Amino acid sequence: MTTFAELGLSKSTLAALVDAEYVEPTEIQLNTIPLLLSGVDIMGSAQTGSGKTAAFALPIIECLQEPEKRPRALVMVPTRELALQVEEQFVKFSKYNKLRCVTLYGGTGYEKQSRALKRGVDIIVATPGRLLDMVERRIADVSGVEILVLDEGDRLLDMGFMPQIRKVISQLKKERQTVMFSATIDNRVHRLAAEFLKNPITVKAKSSQIEPTAIDQKLYHVTEFGKDALLVKLIAELEMSSVIVFTKTKRRAGWVRGRLRDANVLAEEIHGDISQSQREKTLSRYRDGRFKVLVATDVAARGLDIPAISHVVNYDLPDSPEDYVHRIGRTGRAGRSGVALSFVNDEQRYLIRDIEKVMGRQLEQEGKPEPRKVVPARRFKNSGRRRVV
Ligand code: ADP
Ligand code: MG
């Protein structure tokens, strides 16, 4: 067995790999990482789920080393969901050298993405259309890119992104390293490689798939008042050993923690009003298993190294499908299965539909209400208003 250490990765990256519970490199990682570290161009192919993301992300992190707050690595991917997944891996593996990564994709506003670019990033992960747009508007500067990755080359072609890709690449400097990954290599993919790669070495891996990190997802229809009781019940019934409960606001985080304590469940909170040093302390106690429920807001959870957990509970659904993906990604790591439960109400059906679109499947729903019936008002004479049940 060859270890990641033998592939020439540095201590900080190796430490991040240990935290992510990556023990052994996959075949494609074994074959490409040393080559990429040596600076050559690569055309890599291996089936889906064989670990291609880490195969390029790890060498990129090695090459960039320290944050410089200017884009030096660019990864083009065909879809928004893939962009988020790739970013997640960059964040995970670069946690000890703190490289900054941004995702640029369409279908959403420019502000958040522009702001992130202004603050300074080292790595851009983008879909070609939005990226070109931002390059042409001079919001994104790709002139300093040293490493370019075309991930899922076959799908980039299938989705007709060639014109955008060509234009973006024309803005890059010629002395750069270029890598392309593709699940399949056909003539079109060959031509793409010939156009943008310099004397590429072709690396193929027949390795079998890694067990996909399966996350069981379930939606619970529940009223606002029913959430606390349901949470306590699920924690006990499902024997949750380590769980993060996400709430919308810090006040609600404090509230939920209080209700859990009332029910004799050990819980702590982390949110924006709690100092960074206190958060770190809380997390280290969490890692030691001193309590099992962490109640958090998105803001607080971002950028924190939260250990592998068995369950994520969305006490409140997040506002966007992206935040949902980020949240549930906290469970089910490195091939282990995880569970994500969300408390929802019928008014969130459009958000639920968007989440299902991003996840690419329908989610199981429990306690979905029957279509509403209006009960005749006279039965509630005393309350003076119509009641809906
Ligand atoms: P691909 O891009 O080839 O389809 P990914 O890079 O998305 O595959 O990896 C698939 C899954 O395998 C991800 O959940 C990833 O975290 C996991 N994974 C990749 N490499 C390893 C490894 N060496 N050890 C454990 N898990 C891994
Ligand atoms: Mg991939």
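Taking amide H atoms as placed 1.01 Å from N in the peptide plane, list the residues 5 or more away in sequence, or in a different chain, whose amide H sits under 5 Å from that of residue 216.
338, 339, 340
Given springs between every Cα pair under 10 Å in a Gaussian network model of the chain, which of 130, 100, 191 has the largest fluctuation?
Maximum fluctuation in the GNM of the chain, among the listed residues, is at 191.
How high is the FRET efficiency from residue 174 to residue 139, r the C-beta distance, R0 22 Å, rounded to 0.05?
Computed FRET efficiency for residue 174 and residue 139: 0.40.
What does the extension gain come out to for residue 218 and residue 206, with contour length at 0.36 nm per residue minus their alpha carbon separation?
0.9 nm
If you stretched the chain out fully between residue 198 and residue 299, how much longer would it get, using 0.36 nm times the residue separation minus the C-alpha to C-alpha distance?
Gain on stretching residue 198 to residue 299: 32.1 nm.
Could you tell me the relative contact order of the chain? Use alpha-carbon pairs under 8 Å, at least six residues apart, and round to a whole percent.
Worked out over the chain, it gives 16 percent.
Just the number please: accessible area per residue for segment 211-366, 1.4 Å probe, all protein chains included, in Å². Intermediate results must be reported in sequence, preceding the final value.
Values: 7670 Å² over 156 residues.
Heavy-atom accessible area per residue stands at 49 Å².
With no solvent and one point per C-alpha, what does the Debye sum give as log10 I(q)/I(0) for the chain at q = 0.06 Å⁻¹?
Scattering profile of the chain, log10 relative to I(0): -0.27.
If you build a Gaussian network model of the chain, linking Cα atoms that sit under 10 Å apart, which residue out of 163, 128, 200 swings the most?
In the Gaussian network model the winner is 163.
For the chain, which whole percent of the accessible surface, found with a 1.4 angstrom probe, sits on carbon and sulfur atoms? Please list the in-between numbers first.
Values: 9510 of 19540 Å².
Ligands and nucleic acids excluded, carbon and sulfur give 49 percent.
As a test of the formula, what do you get for the chain when each DSSP H run with n ≥ 4 contributes -39,500 (n - 2.57) and the sum is divided by the residue count, at 222 nm and rounded to the nearest 500 deg cm²/dmol?
-11500 deg cm²/dmol
Quick one: if you stick a label point 7 Å off each Cα along the C-beta vector at residue 96 and residue 319, how many nm between them?
That separation, rounded to one decimal, is 3.6 nm.
Using a Gaussian network for the chain with springs between C-alpha atoms less than 10 Å apart, which of these wobbles most: 43, 76, 162?
Judging by the Gaussian network model, the answer is 162.
Heavy-atom accessible area per residue, segment 4-206, 1.4 Å probe: how many Å²?
44
The values are calculated or read from the model by the stated rules, or taken from the named source; none is laboratory data. These numbers were taken from a predicted model, which means no experiment stands behind them. No Cβ is skipped: glycine too gets one built from the backbone with ideal geometry, and neighbour counts run over all protein chains shown. These area figures cover heavy atoms from the full protein model, side chains too; ligands, DNA and RNA do not enter into them. Shrake-Rupley method; radii C 1.70, N 1.55, O 1.52, S 1.80 Å.
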